[in-house]
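Structure first, commentary second.
The values are calculated or read from the model by the stated rules, or taken from the named source; none is laboratory data. Note that this is a predicted model, so its numbers are computed, not measured. Note that each Cβ is placed from the backbone with ideal geometry, even for glycine, and that neighbours are counted across all protein chains shown. We work out accessible area using only protein heavy atoms, side chains counted, and drop any ligands, DNA or RNA first. Shrake-Rupley method; radii C 1.70, N 1.55, O 1.52, S 1.80 Å.
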Amino acid sequence: MLLKKKLSILPGVFLAFVLYTFSQGLNNIIGIELLGYEKSPISTAMIAILMGIILGNIFSIRKGFLIGLDFTQKYILKLGIIFLGIQLKPFEFLKFGTIAIPLIIVCIISVLIVIKMLIKKLKISTRMAYLISIGSTVCGTTAIMATAPIIKANKGEVAYAIANITVFGIISMLIYPYFANFYFNGEPLFVGLFLGTAIHETSQVAAAGLIYDQQFNSPETLNIATVTKLIRNTFLVIMIPLFAFLYNRGKSKVKEYSLLNIFPYFVLGFIALIIFRNIGDQIFLTENTQNIWQGVISNIKESAKVFLSMAMAAVGLSTNLKDIKSMGYKPFVVGFIAMMTVGLVSIIVMQSYIRLFLS
């Protein structure tokens, strides 16, 4: 039975890998063969998600593939993010984290205030508003799924909130890398902080950072965006108990929840890879061992990009535009305003950072 369950994920995982391979080949044809660059300036991750959305909405994806696509979005994505830790040094994680935390807190508070004001005007349910706000400010779908049982949200509200986050997250993922490069003049620190705070899902932030890296040759931006988003993810531990209290205050029974169940453990894997990288740098000092070690680092880096691109392909294939269209407009107005709020607040706070760092 266990073997059968494991084998059931293979078709979907293989489909995601095939679409990644096709996207990489198309990228090479356009960037290298047609445009004449030595390395394609186009992002494979961006092609993968766009191709996934197109194919997923033209053709009906068989149920046999859905299990593996879901596995790719959840677990192969996290493995890709963990592998990104091989690019960082411990002091860089602490440095970026110290800068990112105040920005994250301001963004969260701002979105919560704005959505609280919108609930009465647009007359949407408090549960829906909570789901959209925590999805926008913390970590997208994961935050929504973890919060839903605490506030007794129904399946329709959960599906709508996830669709909301998916739509605006994908839009910002595709647009923000180019906007941020223009607005922040290609400064890796500010671009990375912006991508890490203004985009909803962990997968979307990782993909946006990867798009930026592949378009503008800036692995540092990818590192900063990833660190910022992983720190945002840990705010689940604070936000879900807060939402549980706010929603259930005055009520006789509060649904139990476990902090152990909501903590994003792949953050610890990311940190472990940082430590692993730096231990290796200290151990493999001779010329021969250093060459082998650099090869290991290079392979892990490339694997991270492959896994992230596969996850983007799976996200695209799983995005049903017809279902999203049928859900109505009011909560999408809230989602759009939440996206704009977190983006604008991020920019405003970043302007203070720019004055501080460049003065």
* Test result for residue 117, closer than 23 Å to residue 245 by Cα, open to solvent by 30 Å² or more (accessible area, probe 1.4 Å), of a type outside the set (Val, Ile, Thr) and without any contact (Cβ under 8 Å) to a residue 12 or more places away in the chain -> yes
* Structure fact -> A careful count of residues in segment 59-95 that are assigned to a helix (DSSP H, G or I), touching a Phe, Trp or Tyr at 6+ places or on another chain (Cβ under 9 Å) and either open to solvent by less than 40 Å² (accessible area, probe 1.4 Å) or within 26 Å of residue 352 (Cα to Cα) (or both) gives 11
* Those residues of segment 96-141 which are touching a Phe, Trp or Tyr at 6+ places or on another chain (Cβ under 6 Å) and among the hydroxyl-bearing types (Ser, Thr, Tyr), in sequence order -> 130
* Asked: Which residue out of 53, 42, 49 is at pLDDT below 75 and under 24 Å from residue 319 (Cα atoms)?
  -> 42
* Hits in segment 177-193 - residues which are of a type outside the set (Gly, Ala, Ser) and touching a Phe, Trp or Tyr at 6+ places or on another chain (Cβ under 7 Å) -> 177, 181, 184, 190, 191
* Can you name the residue in segment 239-289 that is among the aromatic types (Phe, Trp, Tyr) and part of a helix (DSSP H, G or I) and is also modelled with the lowest pLDDT among such residues? -> 247
